[in-house]
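Novice: Take this structure first; my questions come after.
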Amino acid sequence: MARNGLALEMCKPHEGKRASKVHTRVCATLTARPDKALREVHNGFRKALAIEYRHHGMGRPLDVDAVESLLTRIGTTPYERAMLIGRFGFTDAARAVAHRLEPISAELLDLDGLAAWIRRIETGLPANAARVQLLIRAISHEFAQLVASDPETLDHLEWRDLERMMARVMEGLGFQTTLTPPSKDGGKDIIVVCQAEKGEESYIMELKHWRTGKRVGKQSVTDFMHVIVVEKRSGGLFLSTSGYAADAFEGIAEINRRALRLGGRSKVVLLTQTYIRACNGLWSPPSALPEVLFDATD
């Protein structure tokens, strides 16, 4: 099947033993032809993309074994990228495994993510957009390595570099991560989402990297708490590399303090160190992933 310069070859789905118990597995090879849209994304080169779709009943998200199985099968093939599509999404542990891979070789998508991916292909992206994003991710990974080994590196990072680095770190720890625009961000820098016992939970992060040494005060913390409440988030983590003023928590009700946590330089460093351990296969996400956000905070 060809569409907008994409040649899509579908292999025969695997049929389960019982028709009523659907475990569909669809493999696909997606080859990008060097037409206008794909040439802009891939610089005119053909790209082979291995796609697998898994449909599980009972609303179960795919786990680590599904990711590892796909990567094992494509390890000896000419595919340059892999995409795993799960109807009911993925566990935090599965996302963590996929995001540890450097460079990017596996992408996990639920059905909404697949629809967005198709729209991007149909619309086309600016020249070298994919390459730029890959470079940003690689640089953010390098920054995390530097900070993890030498916390003083933080003093040499610009604020946007820190935001990008932390977005990459949280993604690598198993969260679904969204980095907000550099301006008009709605009072939050990063949105992180994870699965919990009662369903999906959404948290926000605000980072202050004032190299002048100014401490975060009451107003900034109050404004952040307001965003958590208005947007009905599960909670929020405020990170300041220059610390907090004595009145930072004034005016915040005790019940809200349980949803809002404050962290400093040491928390930033701890998160980068945990991320590097995860990349090296020395750490796995806990069953309650929000613990990663709130550990070692006030």
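The values are calculated or read from the model by the stated rules, or taken from the named source; none is laboratory data. These numbers come from a predicted model, not from an experiment. No Cβ is skipped: glycine too gets one built from the backbone with ideal geometry, and neighbour counts run over all protein chains shown.
Novice: What do you reckon, is E231 more than 24 Å from E142 (Cα to Cα), at pLDDT 90 or above and of a type in the set (D, E)?
Specialist: yes
Novice: Search the range 147-173 for residues that are touching a residue at least 40 places away in the same chain (Cβ under 8 Å) and pair each with any residue that is among the aliphatic types (A, V, I, L, M) and surrounded by fewer than 16 Cβ atoms within 10 Å (Cβ to Cβ) when their beta-carbon atoms are under 6 Å apart and the residues are at least 6 apart or on different chains.
Specialist: none
Novice: Could you go through the range 184-191 and let me know if any residue there is free of Cβ contacts under 8 Å to residues at least 24 places away in the same chain and β-branched (V, I, T).
Specialist: Yes, the range 184-191 contains a residue that is free of Cβ contacts under 8 Å to residues at least 24 places away in the same chain and β-branched (V, I, T).
Novice: With (1) among the polar types (S, T, N, Q); (2) surrounded by fewer than 17 Cβ atoms within 10 Å (Cβ to Cβ); (3) more than 25 Å from R137 (Cα to Cα) as the list, and S220 as the residue in question, which single condition is left unmet?
Specialist: Going through (1) among the polar types (S, T, N, Q); (2) surrounded by fewer than 17 Cβ atoms within 10 Å (Cβ to Cβ); (3) more than 25 Å from R137 (Cα to Cα) one by one, S220 breaks only (2).
Novice: Out of all the residues in the range 121-157, which are modelled with pLDDT of 75 or more and either outside any helix (DSSP H, G or I) or of a type in the set (K, R) (or both)?
Specialist: R137, D150, L157
Novice: Quick one: would you say I118 is modelled with pLDDT under 80, surrounded by fewer than 18 Cβ atoms within 10 Å (Cβ to Cβ) and in a loop (DSSP other than H, G, I, E, B)?
Specialist: no
Novice: Take the residues of the range 167-200 that are over 16 Å from the mean Cα position of the chain (by Cα) and of a type in the set (D, E): which is farthest from T272 (Cα to Cα)?
Specialist: E197
Novice: Related question: Got a sec? Which of G213, G263, G217 is at positive phi and either modelled with pLDDT of 95 or more or out of contact with any helix residue (DSSP H, G or I) (no Cβ under 8 Å at 6 or more places or on another chain) (or both)?
Specialist: G213
Novice: Give S242, S287, S266 a once-over and let me know the one that is part of a loop (DSSP other than H, G, I, E, B) and out of contact with any Phe, Trp or Tyr (no Cβ under 9 Å at 6 or more places or on another chain).
Specialist: Just one listed residue meets the conditions, S287.
Novice: Give me the pairs: first residue in the range 200-229 and not assigned by TED's automatic domain parsing to the domain that holds L289 and part of a helix (DSSP H, G or I), second residue crowded, with 21+ Cβ neighbours inside 10 Å and of a type in the set (S, T, Y), beta-carbon distance under 6 Å, and six or more apart or on different chains, which are they?
Specialist: Pairs that qualify, where the first residue is not assigned by TED's automatic domain parsing to the domain that holds L289 and part of a helix (DSSP H, G or I) and the partner is crowded, with 21+ Cβ neighbours inside 10 Å and of a type in the set (S, T, Y): there are none.
Novice: Next up: Here are some residues: A129, A144. Which one is loosely packed, with under 14 Cβ neighbours inside 10 Å and not aromatic (F, W, Y)?
Specialist: Within the list A129, A144, the selection yields A129.
Novice: Only one of S284, S242 is over 17 Å from the mean Cα position of the chain (by Cα) and in the same structural domain as I191 (by TED's automatic domain parsing); which?
Specialist: Sole residue among the options that is over 17 Å from the mean Cα position of the chain (by Cα) and in the same structural domain as I191 (by TED's automatic domain parsing): S242.
Novice: Still on this structure, I have one more. For residues in the range 49-79 being surrounded by 17 or more Cβ atoms within 10 Å (Cβ to Cβ) and of a type in the set (G, A, S), which is modelled with the highest pLDDT?
Specialist: A66
Novice: Name, by its number, the condition in (1) among the hydrophobic types (A, V, I, L, M, F, W, C); (2) at pLDDT 90 or above; (3) surrounded by 15 or more Cβ atoms within 10 Å (Cβ to Cβ) that does not hold for A248.
Specialist: Checking A248 against (1) among the hydrophobic types (A, V, I, L, M, F, W, C); (2) at pLDDT 90 or above; (3) surrounded by 15 or more Cβ atoms within 10 Å (Cβ to Cβ), the one that fails is (2).
Novice: Also, quick follow-up: May I ask you to verify whether R233 is touching an Asp or Glu at 6+ places or on another chain (Cβ under 8 Å), in a loop (DSSP other than H, G, I, E, B) and in contact (Cβ under 8 Å) with a residue 24 or more places away in the chain?
Specialist: The answer is no for R233.
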